[in-house]
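Read-outs throughout are calculated quantities, based only on the coordinates presented, and are distinct from any laboratory measurement. Owing to the predicted nature of the structure, the values given are computational and were not obtained by experimental measurement. Here the Cβ positions follow ideal geometry from the backbone for every residue, glycine too, while neighbour counts run over all protein chains shown.
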Amino acid sequence: MAKYKKYDYSQSLLIPVSLEDQLMPGTLEFAIHTLVEERMDMSVFDGKYQNDETGRRAYDPKILLKVVLLAYSRGLISSRQIERACSENVTFIAMSCNQRPDHSTIATFVSSMKDQIKPLFRDVLLVCEQENLLGGTFFAIDAAKCRLMLPKNGVVRSANYRKRRKRLSTRSRCWLKTI
């Protein structure tokens, strides 16, 4: 008679996960995290929040921006998909620091902050393109797919920098119109 290992679905399991270790250098999620946390001026969002004396604490716009950018880069285009990813996907859990914004919060953030997000979005794309983190693949935003054009050797000369920035700015405006 065959012998099998016993198993029990009712058992509890505790898995320790370091959120910081999930954002490994050299990955797109690490680049987005580093850019938003250390290099970008996020003060443009402060004027939209009027809850300093009363009201519930809001999600930090850094968290929401990082989650939205990562989701769009992975082809997740609906706020409900992004909400689910923040609960189920370890990379999204790490990116959101285990905060779980609901779909209405995500949708409101994207739709009401378009003017503040556009320049940040363009800058993130530009840096990620320079670091070759997008791999010349498609970057999807709400079903609008556009191909990022990288030179074959992956090097961007400073003379072409302004031209590429302008082109990315135009493309990001095209993408964000569909949101």
| request: Find, among the trypsin sites (Lys or Arg not before Pro) in region 27-99, those assigned to loop by DSSP (not H, G, I, E, B) with at most 14 other beta-carbon atoms within 10 angstrom. | output: Arg56, Arg57
| query | Taking Cα centroids, how far is region 7-35 from region 62-126 in Å? | reply | 17 Å
| query | Under the definition of Cα pairs under 8 Å and six or more residues apart, what whole-number percent is the relative contact order of region 34-101? | reply | 26 percent
| message | Quick check: pseudo-label points 7 Å beyond the Cα along Cα→Cβ at Asp41 and Ser10, how many nm apart are they? | response | 6.0 nm
| note | So the pair-distance distribution of region 1-97, from every Cα-Cα distance in 10 Å bins, comes to percents of 13, 35, 28, 14, 7, 3, 1, 0
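Report the GluC sites (Glu not before Pro) located in region 29-60 that are in a DSSP loop and have at most 11 other Cβ atoms inside 10 Å of their Cβ, or state none.
Loop-located and lightly packed - Glu53.
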| Local electrostatic count, Arg100, Cβ distance below 11 Å [Lys/Arg +1, Asp/Glu -1] | -2
| request: Run the dipole for region 15-94 about the Cα centre, Lys and Arg Cβ at +1, Asp and Glu Cβ at -1, nothing else charged, and hand back the magnitude in debye, nearest 20. | output: 340 debye
| said: Just to verify a number: FRET efficiency for His103 and Gln130, C-beta to C-beta distance, R0 = 25 Å, to 0.05? | reply: 0.15
